[in-house]
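Visitor: Would you mind keeping the following structure in view while I ask a few things?
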Amino acid sequence: MRLRTSIMSAVLIAVAGLGAAHASGFALAELSTAGLSEADALVANTASMGALAYNPAAMAFHKGGYDLGLLGINLHTQVTPTGGTGTFVATTPHWETMPNLFWASKIAPHTRFGFGINEPYGMQIAWAAQTFPTLAQGPASALAPTFTQLRLFDVAPSFSYRFGHIAVDVGADYYDAHRVVLGTPAATVSGSGDQVGAHVGALGQWGTVSVGANYRSAANVPLDGTLASHAGSIPVNATLHLPWQFALGVRDALNTKLGVEFDFDRTGWSRFSNIAVNAAPVAGGATVLTSTYDWQSSNAYRLGFHYALSRDVRLRAGYAYDVAGATSAHFSARIPDANRQEFSFGASQRLGTWSLSAGYMYVLFNTRTYVSNTAFNGGDPNGTNAYDGTYKTHAQLFGISIGRRFS
């Protein structure tokens with residue numbers, strides 16, 4: 001029973017800490033190549049097709065079209081654990097690719113319908129079993145955070161209506177957590193689940209100035225899966241608490257060539273106060289345990305620029321400062337989160353009604369030296385000295401896309 005409890009504790013930690021990503025927590029802020037190129041400061045943009053995924057209200061300022069892209073991410077995370085023998089590098093895919101699409105069409109003079117498909121949450125990270133000395137041997141080794149993977153897609157239909165200078169939108173978010181794999185040296189859990197959320201937005205343009213806002217609701221995604229170990233397998237379930245998100249932006253076309261936008265984002269990570277793992281009803285249905293994470297809601301500040309080099313060529317650049325949601329009270333090596341800076345640039349080329357875009361982003365996480373006053377006692381290692389050490393992370397992102405405007 002003690003071994004099974006330890007295994008389930010590891011599973012619980014994994015579900016709540018789904019890998020280190022380049023936006024706060026495990027969120028992926030990049031929804032298009034244009035967004036990546038301008039540090040995701042597009043919520044008030046009425047001109048770019050790549051902005052529609054950030055604020056679908058912008059559809060009402062277009063006749064229709066689509067933007068289809070592919071995002072590649074390379075993440076490098078390392079830790080020098082206190083009391084260890086050196087530095088360990090987490091294993092991640094060399095390049096993890098994620099598609100994104102937004103399509104919009106005119107259905108009435110002032111009304112548009114569109115839908116987006118993207119991957120707003122997800123990552124993969126793995127640590128060697130011997131990385132953390134306290135969790136490297138004995139019964140505690142069942143808690144070593146060896147592997148975590150999340151792939152979650154969002155299919156988001158939207159309606160947008162424009163009256164005068166202002167457009168509004170309302171839509172749904174269908175979240176499909178189609179692949180969740182969580183591992184320790186003692187067990188592997190795999191599962192999936194889905195849930196529906198909602199989003200609303202508004203966007204107004206007055207001369208060269210535009211103001212936009214977008215809100216996406218929180219969602220509780222039920223996960224059903226199997227816990228497999230050398231002792232056999234049992235069905236389990238848990239709930240993945242996705243945060244609410246709010247973005248507010250102001251954009252100004254300073255002249256015929258140069259435009260600038262500032263966005264403020266807030267993400268409701270405080271929903272990650274705790275999470276429970278349960279055996280499925282056929283296995284008794286009892287709560288195996290509840291674990292606390294004590295995340296806090298966090299902000300991001302984004303600045304994007306675009307410059308018309310010619311009638312058909314546009315250059316983009318951006319900078320963002322993103323505050324981590326994970327606190328020190330329950331720090332976990334599955335999410336070695338830290339405040340970060342994002343630097344990006346890109347370009348687009350128009351070819352009649354078609355356009356090609358490419359962008360690059362470099363994400364530099366602050367070095368995080370974690371020292372806990374709480375000794376690991378064989379239970380949940382989050383927030384204990386089992387994870388003491390110095391963590392360093394950086395990420396590179398590259399995006400390409402093809403778009404078309406309907407006439």
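The values are calculated or read from the model by the stated rules, or taken from the named source; none is laboratory data. Keep in mind that what you see is a predicted model, and the values were worked out from it rather than measured. Because the Cβ atoms are built from the backbone with ideal geometry, glycine has one as well, and the counts that use them run over all protein chains shown.
Visitor: Name the residue that is farthest from Ala308 (Cα to Cα), counting only residues in the range 223-257 that are among the β-branched types (Val, Ile, Thr) and in contact with a strand residue (DSSP E or B) (Cβ under 6 Å, 6 or more places away or on another chain). It would help to see each step written out before you state the result.
Guide: Within the range 223-257, the subset among the β-branched types (Val, Ile, Thr) is 226, 234, 236, 239, 250, 256.
Filter once more, so that each one left must be in contact with a strand residue (DSSP E or B) (Cβ under 6 Å, 6 or more places away or on another chain): 226, 234, 236, 239, 250.
On the way: Thr226: 53, Ile234: 59, Val236: 54, Thr239: 46, Val250: 19 Å.
Restricting to residues being among the β-branched types (Val, Ile, Thr) and in contact with a strand residue (DSSP E or B) (Cβ under 6 Å, 6 or more places away or on another chain), the top hit is Ile234.
Visitor: A further question follows. Looking at Leu248, Leu227, Leu240, which is the one that is over 21 Å from the mean Cα position of the chain (by Cα), touching a residue at least 24 places away in the same chain (Cβ under 8 Å) and either farther than 23 Å from Leu36 by Cα or in a strand (DSSP E or B) (or both)?
Guide: On the way: Leu248 fails: over 21 Å from the mean Cα position of the chain (by Cα); Leu240 fails: over 21 Å from the mean Cα position of the chain (by Cα).
Testing whether each residue is over 21 Å from the mean Cα position of the chain (by Cα), touching a residue at least 24 places away in the same chain (Cβ under 8 Å) and either farther than 23 Å from Leu36 by Cα or in a strand (DSSP E or B) (or both) leaves just Leu227.
Visitor: Please go through (1) in contact with a Lys or Arg (Cβ under 7 Å, 6 or more places away or on another chain); (2) on the phi > 0 side of the Ramachandran plot for Ala41 and return the number of the only condition it doesn't satisfy.
Guide: Every listed condition holds for Ala41 apart from (2).
Visitor: So, in the range 176-206, of the ones that are aliphatic (A, V, I, L, M) and at pLDDT 95 or above, which residue ends up surrounded by the most Cβ atoms within 10 Å (Cβ to Cβ)?
Guide: Leu203
Visitor: Considering only residues that are surrounded by fewer than 22 Cβ atoms within 10 Å (Cβ to Cβ) and β-branched (Val, Ile, Thr), look in the range 376-407 and name the one that is farthest from the chain's Cα centre (by Cα).
Guide: The selected residue is Thr384.
Visitor: I would also like to ask the following. All but one of (1) under 30 Å from Tyr215 (Cα atoms); (2) buried (at least 23 other Cβ atoms within 10 Å of the Cβ) hold for Phe132; state the number of the condition that does not hold.
Guide: (1)
Visitor: Something else now. Which is touching a Lys or Arg at 6+ places or on another chain (Cβ under 9 Å), surrounded by fewer than 23 Cβ atoms within 10 Å (Cβ to Cβ) and assigned to a strand (DSSP E or B), of Ser160, Ser105?
Guide: When all the criteria are applied, what remains is Ser105.
Visitor: With respect to Asp173, determine if the residue is touching a Lys or Arg at 6+ places or on another chain (Cβ under 7 Å) and modelled with pLDDT of 95 or more.
Guide: On the way: touching a Lys or Arg at 6+ places or on another chain (Cβ under 7 Å): yes; modelled with pLDDT of 95 or more: yes.
Yes.
Visitor: Now for a separate question. With a cut-off of at least 1 residues that are closer than 30 Å to Met49 by Cβ, name the strands (runs of 3 or more DSSP E) lying wholly within the range 282-382.
Guide: 298-308, 313-322, 340-351, 354-365
Visitor: Yes or no: Arg162 charged (D, E, K, R), closer than 30 Å to Ser233 by Cβ and in contact (Cβ under 8 Å) with a residue 12 or more places away in the chain? Explain how you work it out, then say what you get.
Guide: Values: charged (D, E, K, R): yes; closer than 30 Å to Ser233 by Cβ: no; in contact (Cβ under 8 Å) with a residue 12 or more places away in the chain: yes.
Considered against the rule, which asks whether it is charged (D, E, K, R), closer than 30 Å to Ser233 by Cβ and in contact (Cβ under 8 Å) with a residue 12 or more places away in the chain, Arg162 comes out as no.
Each row is one residue, and each column tells you yes or no for (1) part of a loop (DSSP other than H, G, I, E, B); (2) modelled with pLDDT of 90 or more; (3) touching a helix residue (DSSP H, G or I) at 6+ places or on another chain (Cβ under 6 Å).
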residue: Ala14; (1), (2), (3): no, no, no
residue: Glu30; (1), (2), (3): yes, yes, yes
residue: Ala53; (1), (2), (3): yes, yes, no
residue: Leu68; (1), (2), (3): no, yes, no
residue: Leu75; (1), (2), (3): no, no, no
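Visitor: Could I ask something else about it? Look at Ala333 and say whether it is over 21 Å from Asp67 (Cα atoms), surrounded by 15 or more Cβ atoms within 10 Å (Cβ to Cβ) and under 15 Å from the mean Cα position of the chain (by Cα). Quick ask: steps written out before the conclusion?
Guide: Details: over 21 Å from Asp67 (Cα atoms): yes; surrounded by 15 or more Cβ atoms within 10 Å (Cβ to Cβ): yes; under 15 Å from the mean Cα position of the chain (by Cα): no.
No.
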